[in-house]
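**Student:** Below: one structure in structure tokens.
The values are calculated or read from the model by the stated rules, or taken from the named source; none is laboratory data. From a predicted model like this one, the values you see are computed outputs, not experimental measurements. So basically every Cβ, Gly included, is an ideal-geometry build from the backbone, and we count neighbours across all protein chains shown. Each accessible area value is taken on the protein alone, full model and side chains, heavy atoms only, with ligands, DNA and RNA left out. Shrake-Rupley method; radii C 1.70, N 1.55, O 1.52, S 1.80 Å.
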Amino acid sequence: MDESDLLREPPPAFNHTEALRLVRDSYGLVATGLRPLDSERDQMFFVTDGGGALAVLKISNPAESPETLDMECRAMAHLSEVDPMLPIPGLILTIDGEPVGSAIHEDGTRHLMRVMTVLAGTPAEGRPVSLEFAANVGDICARVSVGLRGFFHPRAGRPIGWDIRIERADDPLASPPTDPLASRLADARRRIRPALAATRALPSGVQHADVTLTNVLRAADFHEITGVIDFGDMHHTAVACDLATSLTSVLRSTGPVRESPWELVAAFLDGYQRRRPLLPAEAEVIGHLVLARVVTTLDISRARAARHHDNRAYITQYDEGRRELLEMLTDLTDDELAARFARLAGVPPRPRERGPSGRTDLAARRAAVLGGRLAPTFYEEPLHIERGDGPWLLDADGNRYLDAYNNVAVAGHNHPAITAAIVRELHTLNTNSRYLHPEIVALAERLTASMPAGLDTCVFTTSGTEAVELAWRMAVAHTGSAGTLVTEWAYHGISSRTHDFSPNDWRQEHAVADVATFAAPHAGTGRLDHAAAQARVRAAAASLESRGVGTAILMVDPQFTSEGILDAPADFMAGLVDGVHEAGGLFLADEVQSGFGRSGPRLWRFATQSITPDLVTLGKPMGAGLPVAAVVTRREIADAFARDHEYFSTFAGNPVVCAAASAVLDVLADRRIPERAVRVGEHLRARLADLARRFPVISAVRGYGLIAGIDLRGGGPAFTASVVEDLRRRRVLAGRTGRRGDVLKVRPPLIWREEHADHFVATLEAVLSDLD
Ligand SMILES: Cc1ncc(COP(=O)(O)O)c(C=O)c1O
């Protein structure tokens, strides 16, 4: 018999005496009564013992196949193993230990039967659906689907009428052409085709496919779901089709309607995604799949009502809701329908502006709202980068650029392990650092363990700026002085206070009473040893002293990036540390630029210079683009600050950004990226040194680890700017730095291999040859 015979064969008609005898003889259940339950194709009873219901007896339609029941029983057993708390009926075995028994009717017909445990609650159909309840239906629908992920049964591939992907022809008997609904249905049937075809490429598996209000049980007064029943429509399909079936029943509910349909959709999808986030490609077809389910159910009920006039009221009981839904959905255009559901799922289609005209529009809109001169873009012709891929960036036209600039993507753009860690934590929790959380503590432990002994305290912030400012406040509290020493072209942040520490952004006349500068270790500025460094610090501290200000802190980027990327000898760095200690201040290694493995094989640049700072600031690559930064210091320094202040910044060190930072550390360690950075950096600079021999415009190549400062002093700032522009035209992205802007800055993601370095050098060679 075919599955469609199930709806043609009359349901079984056992009388009470026979049914009671069946449960006694086959299951050993001594029952005193039976209460019939509604069923379209089977015969079902509550088996009672006078008081409450003992069990549910389900006698199957004679057309039911044993394989289908086998699939149902195995699916239920599978679910109760993988998700033991999922409220589904348990199977009671026959006295022979079988999940399915057989019952012979007095007319000789043979039926299969099952006895199941009773779940609390009653079917949700007909009762008002609150937003909270809609979310719970979404939740349980996803939960069943997730539970069935690893389930397989050959019977799941049988043709079944409820499969919304079945192509149905117009049924002339059910839909005479004069019927106003007929044209809407025909139109809908055409419109759902592309979405149904698209589901072939979406996650699929054996689905319950009927987690609808009729099969969801709920408690009397609460939104709580107490059970999911009836696995009879299971089949293999796209997971999104299963979702659409469930969501449609919420939208066409027969209960009193209090909520707007769109709010119900949003609530259902929120609940669903608590368990199973949707892929963008799934979210985009949900609207059309709901429409497909409406079409399927209307088709089936109209075809059957046309043939079974006697049972018409029962068959068509949900049709009014379906009709309203059909109208609501088909009143939208295809684009609106797709976008509406995708937006409510939180996965809106991304705006796309392709081609030169799209880019011009975007640039104009950007200039209008992002502050014009305050928000410049890189390059004369702004780049519209759409996607990252390891060391590559792809623009909106699909062109691929080698990234020689972005150090935030330290492990490469869109690293899957880092993305997964962020998403996983986002799906779990995102509060703040004032609750106990293992992720936050573990990250602080890892960072302090990577530092010299004594640097035992980690305070999270949301940016490098905030970290530097906090480090300065700690130093002020600890030393009782207020003065700051920085190099002459330093950059340490964007806030008002850190701007005072950033001469590279000062206007000529900017003078700060409590900040003094000293010369960075540029080649040609005299000896670069311990004594020279100490002398420079002494002079700067004396300058502060002359203004009546004591020295609280000396801060340096140990890579001197904004100074033009300098190779400071370890001896010089030790002189800076001793110099500031002599002046009564603390030493801050600002590793916001240089940290996280760029100088390899250790994580921190200062470690390669054999110095021990009092404070370290971290940022930029720390969270692969998520806002996480930190100060690491000694407890006594943090305590000095805590005497008079507390420090709490809402987003700083929340579970999600800490998960990102831990994932960055994992990727760096597991793939030995800092070690590789040393190797590739040396290769890069060796090749650049070759180039410098051929192009005298290159006066020096500097850097330690995977960074290079290519000094183009011979050409000047305008020349360097044109090199950057020309590199970009040849799809390589680099930057400029240094006091005069004449140092080409190559500071790529650390996952560069030798071939990327070679590609960079070859492109630079072509640029220099052309500009020569
Ligand atoms: C050395 C140094 N410190 C601090 C900062 C400020 O970091 P943020 O931009 O995260 O505020 C920067 C930023 O470039 C930096 O290079």
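**Student:** Bin all alpha-carbon pair distances of region 355-443 at 5 Å intervals from 0 and give each bin's fraction as a whole percent.
**Tutor:** 3, 11, 15, 15, 14, 13, 13, 10, 5, 2, 0
**Student:** Give the separation of the Cα centroids, region 187-264 to region 110-127, in Å.
**Tutor:** 19
**Student:** What distance in nm separates the simple spin-label points at Arg373 and Ala718, each placed 7 Å from Cα in the Cβ direction?
**Tutor:** If labels sit at Arg373 and Ala718, their model points lie 2.1 nm apart.
**Student:** Now for a different question. So if the hydrodynamic radius of region 570-669 is defined as the Kirkwood radius over C-alpha pairs, what does Stokes-Einstein give as its diffusion coefficient at 10 °C and 1.306 mPa s, in µm² per second?
**Tutor:** Estimated via Stokes-Einstein, D reaches 106 µm²/s.
**Student:** Checking a compactness column here: for region 114-268, what do you get for Rg(Cα) / (2.2 N^0.38 Å), N being the number of residues?
**Tutor:** 1.12
**Student:** Now for a separate question. If one takes the longest principal axis of the Cα atoms in the chain, at what angle in degrees, from 0 to 90 and to the nearest 10, does the Cα axis of helix 655-670 lie?
**Tutor:** 70
**Student:** Give the carbon-plus-sulfur fraction of the accessible surface of region 242-331 in %, rounded to a whole number; probe 1.4 Å, heavy atoms of protein chains only.
**Tutor:** For region 242-331, the apolar C and S fraction of the accessible surface comes to 46 percent.
**Student:** Let me ask something else about it. Note down the accessible area of Phe651, probe 1.4 Å, to the nearest 10 Å².
**Tutor:** Phe651 has an accessible surface of roughly 140 Å² with all protein chains in place.
**Student:** Here's a follow-up. Rounded to the nearest Å, what's the spacing between the alpha carbon centres of region 44-79 and region 503-581? Just the number, please.
**Tutor:** Their Cα centres are 82 Å away from one another.
**Student:** Measure nothing fancy, just the Cα-based angle from helix 261-275's long axis to the longest principal axis of the chain, in degrees from 0 to 90, nearest 10.
**Tutor:** With both axes taken from Cα atoms, the answer is about 70 degrees.
**Student:** Name all residues of region 668-697 having a backbone nitrogen under 19 Å from the label point set 7 Å from the Cα of Asp758 along its Cα→Cβ direction, giving them as ranges.
**Tutor:** Under cut-off, by backbone N: 676-692.
**Student:** Another question, then. Which far-off residues, 5 or more places away or on another chain, put their amide H under 5 Å from the one on Val743, with H placed in the peptide plane?
**Tutor:** Excluding prolines and chain starts, which carry no amide H, the hits are Leu712, Thr737.
**Student:** Could you look at region 1-142 and say what percent of its accessible area is carbon and sulfur, using a 1.4 Å probe and all protein chains?
**Tutor:** 53
**Student:** To the nearest whole percent, what portion of all C-alpha pairs in the chain is separated by more than 43 angstrom?
**Tutor:** It works out to 47 percent of all Cα pairs.
**Student:** Per-residue accessible area for Asp770 at 1.4 Å probe radius, Å² rounded to 10?
**Tutor:** Its accessible surface works out to 110 Å², give or take rounding.
**Student:** Rg and Dmax of region 601-659, Cα atoms, in Å?
**Tutor:** Every Cα atom of region 601-659 included, Rg and Dmax give 13.7, 39 Å.
**Student:** Next question, about the same structure. In degrees from 0 to 90, rounded to the nearest 10, what is the angle of the helix 239-251 Cα long axis to the longest principal axis of the chain?
**Tutor:** Between the helix axis and the principal axis of the chain, the angle is about 70 degrees.
**Student:** Counting other C-beta atoms within 10 Å, and keeping those with at most 13, which DSSP coil GluC sites (Glu not before Pro) do you find in region 541-650?
**Tutor:** Sparse-neighbourhood loop GluC sites (Glu not before Pro): Glu646.
**Student:** In square nanometres and to one decimal, what's the mean projected area of the convex hull around the Cα atoms of region 1-116?
**Tutor:** 7.6
**Student:** Something else: Quick one, what does Rg over Rh come out to for region 637-689 if you take C-alpha atoms and the Kirkwood Rh?
**Tutor:** With Rg and the Kirkwood Rh in hand, the quotient comes to 1.29.
**Student:** Sticking with this structure for a sec: Go through region 77-86 residue by residue and turn each phi into a ³J(HN,Hα) via Karplus (6.51, -1.76, 1.60, θ = phi - 60°); whole Hz please, and just put x for glycine and proline.
**Tutor:** Those phi angles translate into 5, 4, 4, 6, 7, 7, 9, x, 8, 5 Hz.
**Student:** Ok, one more. Dividing the convex hull volume of the alpha carbon atoms of region 185-281 by its residue count, what do you get in Å³ per residue?
**Tutor:** In region 185-281, the Cα hull volume divided by residue count equals 135 Å³.
**Student:** Another one. Suppose all protein chains stay in the model; what accessible area per residue would a 1.4 Å probe give for region 327-440, in Å²?
**Tutor:** 61
**Student:** Rounded to the nearest 500, what is the chain's calculated 222 nm mean residue ellipticity when only DSSP H runs of at least 4 contribute -39500 (n - 2.57) each, over all residues?
**Tutor:** The per-residue figure over the chain is -13000 deg cm²/dmol.
**Student:** Quick one: ranking Ser60, Ser562 by accessible area, 1.4 Å probe, largest first, what do you get?
**Tutor:** In descending accessible area the options line up as Ser562, Ser60.
**Student:** Moving on to the next point. Find, among the trypsin sites (Lys or Arg not before Pro) in region 511-581, those assigned to loop by DSSP (not H, G, I, E, B) with at most 16 other beta-carbon atoms within 10 angstrom.
**Tutor:** Within region 511-581, the qualifying trypsin sites (Lys or Arg not before Pro) (loop, at most 16 other Cβ atoms within 10 Å) are Arg527, Arg547.
**Student:** To continue, here is another question. Restricted to Cα positions, what overall size does region 260-309 have along the principal axes? Three whole-Å values, descending.
**Tutor:** Each principal axis gives a Cα extent; for region 260-309 these are 43, 24, 18 Å.
**Student:** Please list 126-138, 189-201 highest first by mean number of surrounding beta-carbon atoms within 10 Å per residue.
**Tutor:** Result, highest mean Cβ count within 10 Å first: 126-138, 189-201.
**Student:** In square nanometres, what is the average projected area of the Cα convex hull of region 268-371?
**Tutor:** 10.1
**Student:** Within region 254-334, which chymotrypsin sites (Phe, Trp or Tyr not before Pro) sit in a loop by DSSP and count at most 16 neighbouring Cβ atoms inside 10 Å?
**Tutor:** Hits after loop and neighbour filter: nothing returned.
**Student:** Also, I was wondering about something else. Tell me the net charge near Ala652. Cut-off is 13 Å between Cβ atoms, Ala652 excluded, with +1 for each Lys or Arg and -1 for each Asp or Glu.
**Tutor:** Every neighbour counted, the sum reads -2.
**Student:** Cα centroid distance between region 300-318 and region 619-653, in Å?
**Tutor:** 68
**Student:** Additional query: Computed over the Cα atoms of region 395-501, what is the convex hull's projected area averaged over all directions, in nm²?
**Tutor:** Seen from a random direction, the Cα hull of region 395-501 projects 11.1 nm² on average.
**Student:** Follow-up question, since we're still on this one. Arrange the residues Arg110, Arg218, Arg497, Arg753 by how much accessible surface each exposes, largest first, with a 1.4 angstrom probe.
**Tutor:** Arg110, Arg753, Arg497, Arg218
**Student:** Next question, about the same structure. Could you tell me the largest-minus-smallest coordinate of the C-alpha atoms of region 97-143 on each of the three principal axes, in descending order and whole angstroms?
**Tutor:** The Cα atoms of region 97-143 stretch 49, 25, 18 Å along their principal axes.
**Student:** So, one more: Using only alpha carbon pairs under 8 Å that are at least six residues apart, calculate the relative contact order of the chain and give it in whole percent.
**Tutor:** Across the chain, relative contact order equals 10 percent.
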